[in-house]
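Input: a single structure, listed below in structure tokens.
Please treat every number below as a calculation from the coordinates, not as lab data. In this text the structure is predicted, and so the values were computed from the model without any measurement. Here Cβ is always computed from backbone atoms with ideal geometry, including for glycine, and neighbour counts include all displayed protein chains.
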Amino acid sequence: MQTELSSLLEIQYPIIQGGMAWVAEYHLAAAVSEAGGLGLIGAANAPADWVREQICEVKKRTDRPFGVNIMLLSPHADEVAKVVAEEEVRVVTTGAGSPEKYMELWKNAGIKVIPVVASVALAKRMERCGADAVVAEGCEAGGHIGESTTMTLVPQVADAVQIPVIAAGGIADGRGIAAAFMLGAKGVQMGTCFVVTNESQVHDNYKERILKAKDIDTRVTGRSTGHPIRTLRNEMTKKYMELEEKGASFEELEYLTLGALRNAVVDGDVKNGSVMAGQIAGLVRERISCKDLIHRLVSETDARMKGVEWYD
Ligand code: TUI
């Protein structure tokens, strides 16, 4: 399963593990990279020192390439941007904004930069300012999302840029990966299916919620505040949506979600916490290792891609 993207990143398979806040820490990232994919550390809102420690822990566990995802709304983004350059991290992905102001620093450090985009316009801007690839993330994804679906976004981004496009949002098996290739992607990024792997450190209650989720179990909160977030439905989403309907203030809504992701991931509060997951959660059924998951994804994809000339 070699594509332009696996060559660019010097990895075995063009499968990237999403840089999920609180979830994408060093155990998971190292396991994914060791299995031949690209593991990511999710810097989310964490301070720069935490990110540096995480990078060191991954380096102890694997010699293979790995990356860091920088969430651009973070108050620590400027400092984390410097840490990844100092630590010579090979790949940086970014989310929830435009990384233009860091581009020169990262390119000078030899980092491959892969912004996550939710629109054609941002994809074109990223290509112009030197991005090596883009992740086109559809709104089937968990967490902070844009407007377009993966099915509509990926081919439009693929037509608009020359750099490799990585599809994300709604992918959890070989059928999804083959479909992404058909839409013009050269790789995939997946989150939800990695949350339940053996190496993932998230609370068991969180894993169980994903494993038991049905097709229609996610909700999007925060459309009214301009920060739409997809999570599994629970008491928190119910309260949030009632408040949103009543026209609650930004502060009131923020208060409800403050620390809610940590409460779900670390403490296992899946009732009132924020259980971020994509719409594909209903397809995620097994607890397996990252290695077994990646090998299964590769063989399922190979079977679907038989006869496709560029892939064979
Ligand atoms: O970033 C994500 N997913 C996330 S981040 C997160 S943690 C968080 N914390 C506080 C507030 C909000 C989130 C949980 N999940 N995915 C990548 C992604 N980026 N999805 C959509 C976008 C995006 C959206 C608009 C990227 C750029 C953009 O526009 C920027 C511009 O300047 O045009």
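Note on region 180-248 and region 293-310: Cα centroid distance 27 Å, given to the nearest whole angstrom.
Estimated from helical segments only, the mean residue ellipticity of the chain at 222 nm is -11500 deg cm²/dmol, where each DSSP H run of four or more residues counts as -39500 (n - 2.57). Electrostatic bookkeeping for Asp269 treats Lys and Arg as +1 and Asp and Glu as -1; over the other residues with beta carbon under 12 Å from its beta carbon, the sum is +1. Average 1/r across all pairs of distinct alpha carbons in the chain, invert it, and you get the Kirkwood radius: 19.2 Å. At full extension, Lys82 and Ala160 could sit 25.0 nm farther apart than now, given 0.36 nm per residue minus the alpha carbon distance. Here the chain is treated with +1 on each Lys and Arg Cβ and -1 on each Asp and Glu Cβ, and its dipole about the Cα centre works out to around 440 debye. Other residues with beta-carbon under 10 Å from the beta-carbon of Pro164 carry, at +1 per Lys or Arg and -1 per Asp or Glu, a net charge of -1. Can you check what the Kirkwood hydrodynamic radius comes to for region 214-276, Cα pairs only, in Å to one decimal? Hydrodynamic radius (Kirkwood, Cα only) of region 214-276 equals 11.6 Å.
Considering only the other residues whose Cβ falls under 12 Å of the Cβ of His76, what net charge follows from Lys and Arg at +1 and Asp and Glu at -1?
Numbers: positive: Arg52, Lys82; negative: Asp49, Asp78, Glu79.
Local net charge: -1.
Amide H to amide H distances under 5 Å link Thr93 with Val68, Asn69, Ile70, Ile114, where only residues 5 or more positions off or on other chains count and H is placed in the peptide plane.
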